[in-house]
1. When the chain is fully extended, how far beyond the present Cα-Cα distance does residue 128 get from residue 110, taking 0.36 nm per residue of separation?
2. Quick query: amide H of residue 94 versus all other amide H atoms, modeled in the peptide plane; which residues come in under 5 Å with a sequence gap of 5 or more or a different chain?
3. Using Cβ counts within 10 Å as a stand-in for footprinting exposure, how do 203, 54 rank, fewest first?
4. Compute the length gained on full extension between residue 117 and residue 208: take 0.36 nm times their separation in residues and subtract their Cα-Cα distance, giving the result in nm to one decimal.
5. State, to one decimal in nm, how far the label point of residue 195 lies from the label point of residue 180, with both points 7 Å from Cα in the Cβ direction.
6. Using a Förster radius of 35 Å, what is the FRET efficiency between residue 152 and residue 81 based on their Cβ-Cβ separation? Nearest 0.05, please.
7. For a Förster distance of 41 Å, can you work out the FRET efficiency between the beta-carbons of residue 160 and residue 58, rounded to the nearest 0.05?
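Derivation of every value follows stated rules applied to the coordinates shown; laboratory data play no part. What you are looking at is a predicted structure, and each value in this text was computed from that prediction instead of being measured. Methodologically, a virtual Cβ is constructed for each residue, glycine included, from the backbone with ideal geometry; neighbour enumeration extends over all protein chains shown.
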Amino acid sequence: MERGKYRWRVAAKALAAAALLGIGGALLWAGPRAGRPEAAGRVVFLGDSITEYCDLAAYYPGLDAVNQGIAGDTTGGMLERLEWIVAAEPRIVVVHGGVNDLLSGYESDQIVENLRAIVRGIHERLPKARVVVQSVYPVGEGEGLYFTTRIQDINARLERLADELDYRYADVYSALQTADGRLDARYSDDGLHPNDAGYQAACPIVLAVLESAARG
């Protein structure tokens, strides 16, 4: 599909969903904002390079969003800068991380516990905010089956924790994987980061979960 046609369809979805995304009398849809610690937005995306390289204005047109992705960040680093998110006073926080932890040798239990602490920290400091947790994305051939198995395990645990921790789970992994669970080469140029096609595949999934979270 041509990029322009795809983005027109995403924009149409955004406009159609606007009526569903009002929380507390304020619509989530407005002009894009720059990702800065002090910038306030209705939706904040917290994550690593996969988040940082996601052009929110292109893939989520009109969404009043702040990009708080930092390349190379781990879930521990995301937890340490949680105050940035609190300062933005968002209505929804979209959390995504974990692959850098795996590449750095962290245990799966620590990754899940850090994500648990992030969600709890958001709920404690922003009790009216809703949280969306994205799955860890698949990795390509170069990272081997070892990482694929661990990613699948972490994602299964994150999905099970959604009710307990009161967040919405966005299963992007399933949209980007091959039959053996690795990152489809169509969706990445380096086996790790989504390319345009990868973000196009992920966007509708995240957007649908955002809509659901906004409705409560």
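1. On the way: separation 18, 0.36 × 18 = 6.48 nm, distance 2.69 nm.
Fully extending the segment from residue 128 to residue 110 adds 3.8 nm.
2. 44, 45, 46, 132
3. Working: 203 22, 54 25.
Listing 203, 54 from fewest to most nearby Cβ atoms yields 203, 54.
4. Numbers: separation 91, 0.36 × 91 = 32.76 nm, distance 2.47 nm.
Result for the pair: 30.3 nm of gain on full extension.
5. Each label point is offset 7 Å from its Cα along the Cβ direction, giving 2.0 nm.
6. Numbers: r = 28 Å, r/R0 = 0.79.
It comes out at approximately 0.80.
7. On the way: r = 33 Å, r/R0 = 0.80.
E between residue 160 and residue 58, to the nearest 0.05, is 0.80.
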